[in-house]
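So the structure is just underneath, and the comments pick up after that.
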Amino acid sequence: PEDAAVLQVTLAAAVASSQGSALRSLALPVNLSRAFDDSQARAVLTRLAATITQLPRLEKLNGSRAANAASLASAVSSSGVLDLSGCFLGPVAAEALLGARGSPSGLWGLSLRALNLTGCQIGPQGAAHIAAAIQGEGTSLDSLQTACLADNRLGPAGAAALCAALTQQQQQGSSSA
């Protein structure tokens, strides 16, 4: 968690001084230690993800070309499908791609019918971010019909978060029909 905090502060300073505009590629670890299981460490990761979305020229995040809102928009097909399979994003990069609720960054500005994150190693933390996006009203994932999250080691906590979000989405859909 301390390394993530140092990276977040360093990137925030670079963004503030416009030095962040030179950064074009960023690689983050895809596996998080158990030290990230507490709420304080998760808050550090959330701040890090938000800072990453402020890097104006970032073209690659953990190898994925969908590192910012413009590249995400171009990656979404005309039928609302986003396929990032095999990108080894990890949970922090997944949160950065999902973007902060209400911000124009990340997936929040897009409308998706299908999402493929097979093999992105998002883990339970990434599943929690996806669940939050599914539950958010007016988000890119509130109309999601298909998602492939195979080979992500979601674990019981991640699966439970997704099940709860999908159940809520289904209940809201049937009550508004």
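Grab the Cα-Cα distance for S143 and Q40, subtract it from 0.36 nm times how many residues apart they are, and report the gain in nm with one decimal.
Computed gain between S143 and Q40 is 33.9 nm.
Please list, in chain and number order, the residues 5+ apart from N62 or on another chain whose amide H is under 5 Å from its amide H, with Hs placed from the backbone.
L26, A27, L28
Between T118 and A13, how high is the FRET efficiency from 1/(1 + (r/R0)^6) when r is the Cβ-Cβ distance and R₀ = 41 Å? Nearest 0.05.
My answer for the efficiency is 0.70.
Can you give me the long-range amide H partners of C148? Hydrogens built in the peptide plane at 1.01 Å from N, cutoff under 5 Å, separation of 5 or more residues or another chain.
L115, N116, L117
So what J values fall out for region 80-91 if you push phi through Karplus, 6.51 cos²θ - 1.76 cosθ + 1.60 with θ = phi - 60°, rounded to Hz, Gly and Pro as x?
Calculated HN-Hα couplings, in order: x, 10, 10, 10, 10, 4, x, 7, 6, 5, x, x Hz.
Going by accessible area, probe 1.4 Å, with all protein chains left in place, what is the ranking of C87, C148, largest first?
Largest accessible area first, the list is C148, C87.
The values are calculated or read from the model by the stated rules, or taken from the named source; none is laboratory data. Please read all numbers here as calculations on a predicted model, not as lab measurements. Every residue, glycine among them, receives a Cβ derived from its backbone with ideal geometry; neighbour counts consider all protein chains shown. The protein model used for the area step is the full one, side chains on, heavy atoms only, and it has no ligands, DNA or RNA in it. Shrake-Rupley method; radii C 1.70, N 1.55, O 1.52, S 1.80 Å.
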